[in-house]
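Colleague: Attaching a single structure in structure tokens format; questions to follow.
The values are calculated or read from the model by the stated rules, or taken from the named source; none is laboratory data. Treat the numbers as computed from the prediction; the structure is a model and nothing was measured. As a convention, Cβ positions derive from the backbone with ideal geometry for all residues, glycine included, and neighbour counts pool all protein chains shown. Ligands, DNA and RNA are excluded from the accessible area calculation, which covers all protein heavy atoms including side chains. Shrake-Rupley method; radii C 1.70, N 1.55, O 1.52, S 1.80 Å.
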Amino acid sequence: MKLLLDILQKVPEFARLMADLEGGRSPVEVAGLSPVHRAHFAAGLLTRLDAPVVLVCAGEDECVRLAADVTALTGVPVTLIGAREFLFHEGAVASRHWEHKRLAAFWEMAQGRAPLIAATVEGLLQRTLPPGELSTHVVEVKANGSYDVTELADRLAALGYARCQQVEGVGQFALRGGILDVFSPDRDQPVRVEFWDRDVDSMGLFD
């Protein structure tokens, strides 16, 4: 992959693009690129610029394809920002999948852990929490920390987590004695925290 990125340095259009961006001239338009060449240019920018790279796509399918191509070239995972789903009629069940994904993406960005972002136009235009307010609505449990488990559960419920007997999906938590299971939007698996009185005794992911 390094060979493909090195080839970019000999492309005059890429050299002009880099010169404009490094000289503070932005936005800069590049037209006529096929999807694979868009990924190639984006990968080159990511390796050269000391700043996050944001790829704006027309739809989520394009976002996923472009993200996969850039990750294949750079090895850097892509943070995806899709549009929030709206429900305009009454329904017995409403999925919050995209809301969870957006929250996870914005938290990664706020922590400076999103060097490469792919977003739909609609996803960028929708309103969301500012970084400062987002950070005030985060519960962090540390492996060597000490907590009141009842207060911790009340805080999770106040933040919108659903209390249940057994955690089965994102946004749920369960408390059984001194064992707290939580499935956070920024995790692929739920976390189990075992307490000894107020102190965290062990913590880890589980299936």
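Colleague: How many of the residues in the range 6-62 are on the phi > 0 side of the Ramachandran plot and within 28 Å of the chain's Cα centre (by Cα)? Steps first, answer last, please.
Modeller: Residues of the range 6-62 that are on the phi > 0 side of the Ramachandran plot, as a first pass: 24, 32.
Narrowing further to those that are within 28 Å of the chain's Cα centre (by Cα): 24.
Matching residues across the range 6-62 total 1.
Colleague: Suppose we filter the range 136-158 for residues that are under 25 Å from M109 (Cα atoms) and open to solvent by 60 Å² or more (accessible area, probe 1.4 Å); how many remain?
Modeller: 7
Colleague: Going by the conditions given, is V70 over 23 Å from L125 (Cα atoms), assigned to a loop (DSSP other than H, G, I, E, B) and open to solvent by less than 60 Å² (accessible area, probe 1.4 Å)? If you could, list the steps in order and put the result at the bottom.
Modeller: Details: over 23 Å from L125 (Cα atoms): yes; assigned to a loop (DSSP other than H, G, I, E, B): no; open to solvent by less than 60 Å² (accessible area, probe 1.4 Å): yes.
Against the criterion (over 23 Å from L125 (Cα atoms), assigned to a loop (DSSP other than H, G, I, E, B) and open to solvent by less than 60 Å² (accessible area, probe 1.4 Å)), V70 does not qualify.
Colleague: Turning to a different aspect of this structure: Quick one: in the range 39-61, of everything that is out of contact with any strand residue (DSSP E or B) (no Cβ under 8 Å at 6 or more places or on another chain) and not small (G, A, S), which residue is surrounded by the fewest Cβ atoms within 10 Å (Cβ to Cβ)? Can you show your working first?
Modeller: So in the range 39-61, the residues out of contact with any strand residue (DSSP E or B) (no Cβ under 8 Å at 6 or more places or on another chain) come out as 39-41, 43-44, 47-51, 61.
Subsequent filtering for residues that are not small (G, A, S) retains 40-41, 47-50, 61.
Numbers: H40: 21, F41: 19, T47: 15, R48: 17, L49: 13, D50: 6, D61: 10.
Per the criteria, the residue is D50.
Colleague: Checking R127 against (1) outside any loop (DSSP other than H, G, I, E, B); (2) of a type outside the set (G, A, S); (3) surrounded by fewer than 12 Cβ atoms within 10 Å (Cβ to Cβ): exactly one of these is not met. Which one?
Modeller: (1) is the only condition that R127 fails.
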